[in-house]
Amino acid sequence: MALAELLREGGIFEDVSGATKSQVLAQFVERLPLPPEQDRKFLLDVLEAREALGSTGIGDGIAIPHVRNPIVLHVARPFVTLCLLEHPVEFGAVDGKPVDTLFLVVSPTVPMHLRILARLGFVLRDETLRSLLRRRASAAEILDRLDFIETTRNTGSFKIPVSEHPR
């Protein structure tokens, strides 16, 4: 599935509140489209434990909370959820900047999780996409840019040759 489709499945949430990393993660986990039997408290606990080991803030105001092993839950289909925070929060990111954008990948298998995470890492190289995230662009604009990047395999600064990117 394309990342835009995975985000449509997982949702894009704006103005997520919270003054601390823990509060933001709690709000994030509450918004995930998980089946009712999933233990959200356990998921929050493992995300917080991972953050205690080292920040998942990758820089430029973006974090990709994850646990040491890929998040594999009993879901029918994989998804990616995006939360745009109401206010930036100190996350201990590698560049020292506060975080205002969070992505979370959920998948039914480890290989699928890793493929999605790699694609997310690729698209986040795109300055135009990062600019859209910083200015809190509409979901439609974000999804359109993701479609463009994945269709052209071009982030503006890096292009994957067609022969190297199986679909």
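The values are calculated or read from the model by the stated rules, or taken from the named source; none is laboratory data. Predicted model only: the values in this text are computed from it and were never measured. Note that each Cβ is placed from the backbone with ideal geometry, even for glycine, and that neighbours are counted across all protein chains shown. Just so you know, the surface numbers come from the protein's heavy atoms only, side chains and all, with ligands and any DNA or RNA stripped out. Shrake-Rupley method; radii C 1.70, N 1.55, O 1.52, S 1.80 Å.
Side notes on the structure shown:
- When each of THR56, THR128, THR109 is tested for being of a type in the set (S, T, N, Q) and open to solvent by less than 50 Å² (accessible area, probe 1.4 Å), the lone residue that passes is THR56.
- One residue alone among LEU44, LEU25, LEU32, LEU53 is touching a Ser or Thr at 6+ places or on another chain (Cβ under 6 Å) and farther than 18 Å from LEU114 by Cβ, and that residue is LEU32.
- Identity of the residue in the range 8-42, in contact with a helix residue (DSSP H, G or I) (Cβ under 8 Å, 6 or more places away or on another chain) and over 30 Å from ASP144 (Cα atoms), that ends up modelled with the lowest pLDDT: ARG40
- First in the range 1-20 and open to solvent by less than 40 Å² (accessible area, probe 1.4 Å), second anywhere and at pLDDT below 95 and part of a loop (DSSP other than H, G, I, E, B), Cβ under 7 Å, 6 or more apart: LEU6/PRO78; GLY10/PRO33; GLY11/PRO33
- When ALA76 is tested against (1) at pLDDT below 90; (2) open to solvent by 40 Å² or more (accessible area, probe 1.4 Å); (3) over 17 Å from GLY11 (Cα atoms); (4) more than 16 Å from the chain's Cα centre (by Cα), just one condition goes unmet, and that condition is (3).
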